[in-house]
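Q: Dumping the structure here so I can ask a few things about it.
The values are calculated or read from the model by the stated rules, or taken from the named source; none is laboratory data. Only a predicted model underlies this, so the values are computations on that prediction, with no experimental measurement involved. Note that each Cβ is placed from the backbone with ideal geometry, even for glycine, and that neighbours are counted across all protein chains shown. Heads up: the accessible areas ignore ligands, DNA and RNA and are worked out on the full protein's heavy atoms, side chains in. Shrake-Rupley method; radii C 1.70, N 1.55, O 1.52, S 1.80 Å.
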Amino acid sequence: MSEETPTSVTMEKDGDVAVIIVNNPPVNALSWHVRQGLEDNFAAALSDDSVKAIVLRCAGTTFIAGADISEFGKPPRGPDFNAVLNSIEAASKPVVAAIHGTALGGGLETALVCHYRIAVPSAKLGVPEVKLGLLPGAGGTQRLPRVVGVEAAATMTSTGDPLPAAKAKELGLVDELAGEDSLAADAIAFARAKIADGPRPTRERPVFGDIAVIEQLKTANAKRWRGFEAPYANLACVEAATRLPFDEGLAFEREQFMKLMFGSQSAAQRHIFFAERQAAKIDGLPKDTQLRDIKKVGVIGAGTMGGGISMNFLQKGIPVTIVEMEQEALDRGVGVIRKNYDASAAKGRFKPEQVEQMMGILTPTLSLDDLADCDLIIEAVYENMDVKKDIFGKLDKIAKPGAILASNTSYLDVDEIATATSRPGDVLGMHFFSPANVMKLLEVVRGEKTAPDALATAMAIGKKVGKVAVVAGVCDGFIGNRMLKPRQIEAMNLLMEGATPAQVDKVHVEFGMPMGPFQMSDLAGVDIGWHRDPNRIESIRDALCAEGRWGQKKQAGFYDYDDKRQPSESARVAELIEEFRTKAGTQKREITDQEIIERTLYPMVNEGALILAEGKAQRASDIDVVWIYGYGWPVYRGGPMFWAGLEGTDKIVAALEKHGFEIAPLLKEKAEAKSGF
Ligand code: 3H9
């Protein structure tokens with residue numbers, strides 16, 4: 001036995017079957033003491049002559065959900081995981097994994113060294129390491145092709161998507177399905193029935209299946225995997241399993257795993273795993289904060305935003321009352337929601353009857369009075385303070401006591417909006433990102449007087465409808481759009497100095513963003529926020545807008561677009577830029593890609609540091625979450641604040657100083673300490 005006897009793994013006996021139980025809440029991760037406990041208890045069960053078969057199962061809500069990610073990158077402690085697994089596989093008595101909840105990553109790898117697997121129908125089995133920038137590093141890539149075949153193994157490892165138990169059974173990953181409530185007893189009976197068959201070590205089974213799937217997967221996912229290392233490393237390991245003896249395959253897997261583990265992509269992806277969960281936590285909130293009950297939601301505005309917001313709630317079975325001023329706009333908005341659902345149903349995402357159910361709990365109305373029974377009301381009208389205050393003033397008279405009054409504003413002062421009511425404690429911002437039914441980010445804006453329970457409820461309902469919710473403080477543009485601003489300003493300045501929209505965008509796309517600043521502007525609408533006076537031309541953007549180059553919707557913006565919305569560089573835009581340059585007397589010069597990074601991405605880090613120091617974001621990792629889920633910042637770069645650490649805050653400060661930026665004190669501090677955020 002080890003010096004410190006772990007209590008996270010215990011053993012009990014049922015006649016001739018030993019049952020080894022892992023109990024390491026919340027997800028039974030394979031922390032050092034679990035590995036130690038497995039080693040100790042398997043040794044005990046194997047040396048006990050009265051034991052003829054062994055069951056491995058877990059307490060709590062799930063089977064082992066993987067290695068303990070919080071141990072990664074720290075000095076190793078406890079027994080080596082691979083060694084523990086190899087000794088379980090070599091057991092002289094049949095070993096059965098009894099699976100409920102999720103058998104993920106190292107959890108599934110543990111189940112794979114067990115000789116047999118039994119699972120409840122609701123269980124899910126998978127190797128999601130790729131989502132952490134990793135690969136199954138404890139034999140998963142070598143054992144899976146021997147159990148489910150090359151096709152399924154390649155798909156499972158490279159996509160990371162788990163399989164439901166029934167599908168796992170079909171593939172031979174699960175040998176038997178247990179009763180949903182009788183796993184413990186069914187597993188013992190199953191193990192007893194396997195005593196006669198004896199052990200079935202996975203490593204001794206042959207790899208089967210067609211290797212062609214590997215190239216097919218690469219082709220099919222080329223866009224999705226752009227810039228990522230891990231999907232390709234996973235496939236390389238599965239391919240290796242088809243040609244190398246088992247132990248050599250394991251060694252190859254190990255080498256690839258270590259490369260990923262100590263690379264920056266996995267560090268970034270692991271950072272985001274924890275950052276996303278951390279974002280849900282609200283600093284300084286009393287522990288006993290009771291959530292308000294949200295049974296019915298009101299949405300004001302049936303435009304693109306209002307419609308998209310409504311869809312989130314309808315999909316979770318929460319009734320929505322949607323309000324518009326004119327019947328025509330209301331009908332149009334409801335029509336768009338139905339069209340979107342019908343399109344999803346045609347792709348098989350919903351059954352037709354589900355669409356009817358969702359539409360059945362949507363109540364369109366022209367009267368704000370119909371919001372009287374709503375527990376949460378989200379205003380999603382256009383960005384005008386007077387209009388918003390007028391609406392909130394009316395809501396104050398209509399909404400029931402305790403209803404949360406939220407604005408979907410993307411930059412206006414939520415505290416000022418709250419002054420239109422007699423209940424500022426109930427007022428906050430819920431800033432959804434377009435398309436609101438798709439984008440995962442939700443900025444929950446905490447006003448000066450927002451009540452803790454209103455804030456906590458908005459965060460919780462965000463999570464319930466599948467959003468990643470982040471708390472933001474009141475400031476112009478909150479977290480995301482505030483950081484977008486310096487990027488956009490510099491992108492425009494670069495045009496004046498000699499860069500083209502295509503060059504700036506290319507640098508951003510190569511960095512890993514889904515699109516660059518000018519592509520984004522064309523998509524969102526160049527005219528957003530334009531003063532609407534075609535005779536007042538003070539910037540390149542004013543000139544574009546005055547000519548009706550409002551972006552993709554007009555087939556012309558910073559780019560020209562064909563009928564299929566394919567962009568090409570615009571001679572007219574080049575001309576306009578040249579005109580402005582001449583007028584301003586600016587010399588055109590060669591702009592390097594590195595300068596584009598330094599002048600568009602580094603200022604975002606600078607702004608992030610200001611946001612953090614002002615307390616408008618709770619923590620640097622929240623800013624990262626905003627950029628990953630709201631703007632498509634490449635997850636393998638971990639968000640702008642994490643990336644600043646990779647890039648070097650001292651290098652960032654030096655470049656910003658060179659370009660004449662004012663440096664945020666917090667960024668300066670980090671640079672002096674040569675640390676990240
Ligand atoms: C791996 O296995 C490598 C191997 O190949 C071995 C190589 C040698 N470790 O998500 P939740 C925490 S890589 C540490 O909110 P849910 C999580 O941070 C791993 N902590 O619950 C949170 O903490 P807190 C492969 C973990 O019910 C709490 O547990 N496995 C781990 O919505 C609850 O989590 C994976 O990638 C972990 N592995 O979802 C699976 N997992 O409360 C990752 C969770 O302090 N995990 N925590 O914020 C998941 O996908 C989900 O957590 C799961 C539960 C589906 C299991």
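Q: Hey, among E590, E510, which residue is open to solvent by 60 Å² or more (accessible area, probe 1.4 Å), out of contact with any Gly (no Cβ under 8 Å at 6 or more places or on another chain) and either at pLDDT 95 or above or part of a helix (DSSP H, G or I) (or both)?
A: Values: E590 fails: out of contact with any Gly (no Cβ under 8 Å at 6 or more places or on another chain).
On inspection, the qualifying residue turns out to be E510.
Q: Which pairs have Cβ atoms under 8 Å, sit 6 or more apart or on different chains, and link a residue in the stretch 85-106 that is farther than 21 Å from D49 by Cα to one that is more than 15 Å from the ligand (Cβ to nearest atom) and assigned to a loop (DSSP other than H, G, I, E, B)?
A: A98/A178; I99/V120; I99/V174; H100/V120
Q: Working only within the stretch 657-669, note down all residues that are assigned to a helix (DSSP H, G or I) and open to solvent by 50 Å² or more (accessible area, probe 1.4 Å). Reasoning before the result, please.
A: Going through the stretch 657-669, the residues assigned to a helix (DSSP H, G or I) turn out to be 657-658, 665-669.
Hits for the stretch 657-669 are E657, K658, P665, K668, E669.
Q: Give all pairs with beta carbons closer than 7 Å in which a residue from the stretch 23-37 that is basic (K, R) meets a residue that is open to solvent by 10 Å² or more (accessible area, probe 1.4 Å); count only pairs at least 6 apart in sequence or on separate chains.
A: Every condition considered, the pairs that remain are R35/G78; R35/P79; R35/F81.
Q: Considering the stretch 623-654 alone, what residues qualify as being buried (at least 18 other Cβ atoms within 10 Å of the Cβ) and aliphatic (A, V, I, L, M)? Spell out how you get there, then give the answer.
A: Residues of the stretch 623-654 buried (at least 18 other Cβ atoms within 10 Å of the Cβ): 623-631, 633-645, 647, 649, 652-653.
Listed by number, the residues that qualify are I623, V625, V626, I628, V635, M641, A644, I652, V653.
Q: Condition first: within 29 Å of the chain's Cα centre (by Cα), under 20 Å from Q315 (Cα atoms), of a type in the set (F, W, Y) and in the same structural domain as P435 (by the TED database). Can you find one or more residues in the stretch 347-355 that meet it?
A: Yes: one or more hits.
Q: So if I check each of A138, A111, which one is among the small types (G, A, S), out of contact with any Ser or Thr (no Cβ under 7 Å at 6 or more places or on another chain), more than 10 Å from the ligand (Cβ to nearest atom) and at pLDDT 95 or above? Steps first, please.
A: Details: A138 fails: more than 10 Å from the ligand (Cβ to nearest atom).
The match here is A111.
Q: Within the stretch 72-108, can you find the residues that are within 29 Å of the chain's Cα centre (by Cα) and either open to solvent by 50 Å² or more (accessible area, probe 1.4 Å) or aromatic (F, W, Y) (or both)?
A: We begin by selecting, within the stretch 72-108, every residue within 29 Å of the chain's Cα centre (by Cα); these are 72-76, 81, 99-108.
Of everything in the stretch 72-108, those that are within 29 Å of the chain's Cα centre (by Cα) and either open to solvent by 50 Å² or more (accessible area, probe 1.4 Å) or aromatic (F, W, Y) (or both) turn out to be F72, G73, K74, P75, P76, F81.
Q: On to the next question. Can you tell me how many residues within the stretch 107-118 are free of Cβ contacts under 8 Å to residues at least 60 places away in the same chain and part of a strand (DSSP E or B)?
A: Total satisfying the criteria: 1.
Q: When the stretch 595-618 is examined, which residues are found to be open to solvent by 30 Å² or more (accessible area, probe 1.4 Å) and among the basic types (K, R)?
A: Residue satisfying the conditions is K616 alone.
Q: Now a separate question. I'd like to verify a number: residues in the stretch 549-567 that are open to solvent by 60 Å² or more (accessible area, probe 1.4 Å), more than 31 Å from the chain's Cα centre (by Cα) and under 20 Å from V509 (Cβ atoms), how many?
A: Residues meeting the conditions: 1.
Q: Continuing with the same structure: Hey, could you check the stretch 416-433 for residues that are under 16 Å from I391 (Cβ atoms) and either outside the structural domain of A451 (by the TED database) or part of a helix (DSSP H, G or I) (or both) and say which is most open to solvent (accessible area, probe 1.4 Å)? Spell out the reasoning first.
A: As a first pass, look at the stretch 416-433 and keep what is under 16 Å from I391 (Cβ atoms): 416-424, 426-430.
From the residues that got through so far, the ones that are either outside the structural domain of A451 (by the TED database) or part of a helix (DSSP H, G or I) (or both) too are 416-418, 424, 426.
Values: E416: 72, I417: 1, A418: 8, P424: 38, D426: 21 Å².
Of everything passing the filter in the stretch 416-433, E416 is most open to solvent (accessible area, probe 1.4 Å).
Q: Still on this model: Quick one: which of A65, A97, A103, A83 is closer than 24 Å to G137 by Cα, within 12 Å of the ligand (Cβ to nearest atom) and part of a strand (DSSP E or B)?
A: Details: A65 fails: part of a strand (DSSP E or B); A97 fails: within 12 Å of the ligand (Cβ to nearest atom); A83 fails: part of a strand (DSSP E or B).
From the options A65, A97, A103, A83, the qualifying one is A103.
Q: Another question about this same structure. Could you list all residues from the stretch 115-135 that are under 22 Å from K93 (Cβ atoms) and either within 16 Å of the ligand (Cβ to nearest atom) or open to solvent by 10 Å² or more (accessible area, probe 1.4 Å) (or both)?
A: Pass one, the stretch 115-135, residues under 22 Å from K93 (Cβ atoms): 115-119.
Within the stretch 115-135, Y116, A119 meet the criteria.
Q: Would you confirm whether any residue within the stretch 167-178 is buried (at least 18 other Cβ atoms within 10 Å of the Cβ), more than 16 Å from the ligand (Cβ to nearest atom), within 18 Å of F246 (Cα to Cα) and of a type outside the set (D, E)?
A: no
Q: I'd like to know if the stretch 312-319 contains one or more residues that are away from the ligand (no atom under 16 Å from the Cβ), over 22 Å from P352 (Cβ atoms) and either free of Cβ contacts under 8 Å to residues at least 24 places away in the same chain or open to solvent by 10 Å² or more (accessible area, probe 1.4 Å) (or both).
A: Scanning the stretch 312-319 turns up no residue that is away from the ligand (no atom under 16 Å from the Cβ), over 22 Å from P352 (Cβ atoms) and either free of Cβ contacts under 8 Å to residues at least 24 places away in the same chain or open to solvent by 10 Å² or more (accessible area, probe 1.4 Å) (or both).
Q: Okay, moving on. Spot the failing condition for S70; the list is (1) within 12 Å of the ligand (Cβ to nearest atom); (2) at pLDDT 95 or above; (3) over 28 Å from R146 (Cα atoms); (4) part of a helix (DSSP H, G or I), and only one is missed.
A: All conditions pass for S70, except number (2).
Q: Right, next: Taking T582 and the conditions (1) out of contact with any helix residue (DSSP H, G or I) (no Cβ under 8 Å at 6 or more places or on another chain); (2) over 25 Å from E538 (Cβ atoms); (3) not in a strand (DSSP E or B), which numbered condition does it fall short on, given that it satisfies the others?
A: Exception for T582: condition (2).
Q: Right, here's the next one. Looking at (1) open to solvent by 30 Å² or more (accessible area, probe 1.4 Å); (2) closer than 25 Å to K295 by Cβ, find the lone condition where V323 falls short.
A: (1)
Q: L244: in contact with a Phe, Trp or Tyr (Cβ under 9 Å, 6 or more places away or on another chain), more than 13 Å from the ligand (Cβ to nearest atom) and assigned to a helix (DSSP H, G or I), yes or no?
A: Details: in contact with a Phe, Trp or Tyr (Cβ under 9 Å, 6 or more places away or on another chain): yes; more than 13 Å from the ligand (Cβ to nearest atom): yes; assigned to a helix (DSSP H, G or I): no.
Criteria not met by L244.
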